[in-house]
């Protein structure tokens with residue numbers, strides 16, 4: 001199955017939301033045991049080298065080490081890059097932004113955040129009971145249940161505060177921008193790939209040039225326009241394993257399951273007409289939309305509305321990062337790690353590559369959508 005395009009690990013504002021939402025959802029659950037009052041401050045970390053100062057406070061190295069230890073344990077996909085200076089600086093910026101957001105939360109928001117953090121903590125404790133590896137890692141890193149409660153409280157308070165600013169008008173405005181995500185379409189397509197990703201290693205390699213792929217896609221379209229059979233042509237030409245053996249068909253799927261260009265074509269292309277080849281990060285798609293149902297706001301499910309609210313909240317987070325955080329006059333003084341000349345050259349090359357990725361991402365805008373077909377995975 002075609003995979004979602006990997007985006008840069010250094011997208012700060014996106015990671016701010018992703019990390020917090022992961023912390024709130026991965027550990028979310030219900031518990032009936034005795035509740036603990038989560039705090040917004042880690043205990044026993046007020047003394048030590050200061051690694052960040054900002055208008056409303058400071059962060060010591062012991063405090064940041066505690067946050068990093070929990071972050072690394074709860075976001076295991078980042079463990080290999082936690083030692084990179086660029087990543088540590090980004091995570092420290094993230095931590096300060098959470099602290100500032102949490103400090104702005106109202107009493108009602110803090111109450112909601114405490115309830116949420118308590119539920120997450122209970123679920124975390126249950127995980128530890130059933131997962132010896134998790135328990136051993138927490139012990140190794142010196143992470144107490146109170147430390148985890150603080151981590152969860154800070155992230156919960158930040159997200160609850162941001163969510164509290166979202167109005168119904170904001171949600172409706174976001175929905176208008178996201179209508180294509182919720183439109184349910186039945187689509188036939190034939191994919192002519194330019195790039196292919198190894199599902200095991202994640203390595204991406206070129207299958208054919210863009211020019212070659214477009215020429216092949218136009219050949220397919222000409223045969224379909226002449227009355228060619230979708231089943232036969234999909235088997236012969238399509239590089240999409242999820243649909244090539246069923247005439248390129250994806251039935252009644254929401255647009256949010258597809259990458260941006262494919263999603264927009266499914267939403268905008270005239271029904272029953274074979275359109276011009278559509279280019280995505282995978283190659284060129286020859287498409288025909290057979291059916292399409294466009295939803296109104298009041299037809300959304302509760303899950304859909306949460307997605308819309310999250311999109312609206314993201315705008316408030318971006319506004320906070322762009323307008324409010326600069327006023328904090330954040331200064332980071334993380335110690336420089338010792339490294340060899342070879343390591344330094346490698347890090348510089350990696351940072352340069354990430355910088356190029358960021359520039360490309362910024363130019364492309366918010367265009368990530370999803371896999372070609374999540375439901376078929």
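Farther than 27 Å from residue 60 by Cβ, touching a strand residue (DSSP E or B) at 6+ places or on another chain (Cβ under 9 Å), modelled with pLDDT of 95 or more and in a helix (DSSP H, G or I): is that true of residue 108 in this structure? Write out each step before concluding.
Details: farther than 27 Å from residue 60 by Cβ: yes; touching a strand residue (DSSP E or B) at 6+ places or on another chain (Cβ under 9 Å): no; modelled with pLDDT of 95 or more: yes; in a helix (DSSP H, G or I): yes.
So residue 108 does not fit the description; no.
From the list 174, 156, the lone residue that is within 20 Å of residue 320 (Cα to Cα) and outside the structural domain of residue 40 (by TED's automatic domain parsing) is 174.
Out of curiosity, is residue 242 outside the structural domain of residue 162 (by TED's automatic domain parsing), in contact with a helix residue (DSSP H, G or I) (Cβ under 6 Å, 6 or more places away or on another chain) and modelled with pLDDT under 95?
Values: outside the structural domain of residue 162 (by TED's automatic domain parsing): yes; in contact with a helix residue (DSSP H, G or I) (Cβ under 6 Å, 6 or more places away or on another chain): yes; modelled with pLDDT under 95: yes.
For residue 242, the condition - outside the structural domain of residue 162 (by TED's automatic domain parsing), in contact with a helix residue (DSSP H, G or I) (Cβ under 6 Å, 6 or more places away or on another chain) and modelled with pLDDT under 95 - is met.
Can you tell which of 278, 308 is buried (at least 16 other Cβ atoms within 10 Å of the Cβ), at pLDDT 95 or above and closer than 30 Å to residue 104 by Cβ? Show your work before the answer.
Numbers: 278 fails: closer than 30 Å to residue 104 by Cβ.
Going through 278, 308 in turn, the sole match is 308.
Collect the residues in the range 281-294 that are modelled with pLDDT of 95 or more and assigned to a loop (DSSP other than H, G, I, E, B), keeping them in residue-number order. Within the range 281-294, 294 is the sole residue that qualifies.
With respect to residue 240, is the statement that it is outside any helix (DSSP H, G or I) and either within 32 Å of the chain's Cα centre (by Cα) or farther than 30 Å from residue 299 by Cβ (or both) true? The answer is yes for residue 240. When residue 234 is tested against (1) surrounded by 15 or more Cβ atoms within 10 Å (Cβ to Cβ); (2) without any contact (Cβ under 8 Å) to a residue 12 or more places away in the chain, just one condition goes unmet, and that condition is (2). Put simply, of 297, 262 the only residue that is at pLDDT 95 or above and touching a helix residue (DSSP H, G or I) at 6+ places or on another chain (Cβ under 7 Å) is 297.
Rundown of residues vs (1) closer than 14 Å to residue 151 by Cβ; (2) under 21 Å from the mean Cα position of the chain (by Cα); (3) without any contact (Cβ under 8 Å) to a residue 60 or more places away in the chain, yes/no style:
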site: 42; (1), (2), (3): yes, no, no
site: 45; (1), (2), (3): yes, no, yes
site: 50; (1), (2), (3): no, no, no
site: 56; (1), (2), (3): no, no, no
site: 66; (1), (2), (3): yes, no, no
site: 73; (1), (2), (3): yes, yes, no
site: 80; (1), (2), (3): no, yes, yes
site: 83; (1), (2), (3): no, no, no
site: 90; (1), (2), (3): no, yes, no
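Flag set for residue 288, criterion: assigned by TED's automatic domain parsing to the domain that holds residue 222, more than 27 Å from the chain's Cα centre (by Cα) and either in contact (Cβ under 8 Å) with a residue 60 or more places away in the chain or farther than 21 Å from residue 164 by Cα (or both).
Suppose the filter is touching a helix residue (DSSP H, G or I) at 6+ places or on another chain (Cβ under 7 Å) and closer than 22 Å to residue 74 by Cβ; does residue 175 pass it? Before the answer, list the steps.
On the way: touching a helix residue (DSSP H, G or I) at 6+ places or on another chain (Cβ under 7 Å): yes; closer than 22 Å to residue 74 by Cβ: no.
No: the conditions fail for residue 175.
The values are calculated or read from the model by the stated rules, or taken from the named source; none is laboratory data. Small disclaimer: the values here were computed from a predicted structure and weren't measured. Reconstructed Cβ throughout: ideal geometry from the backbone, glycine too, with neighbour counts over all protein chains shown.
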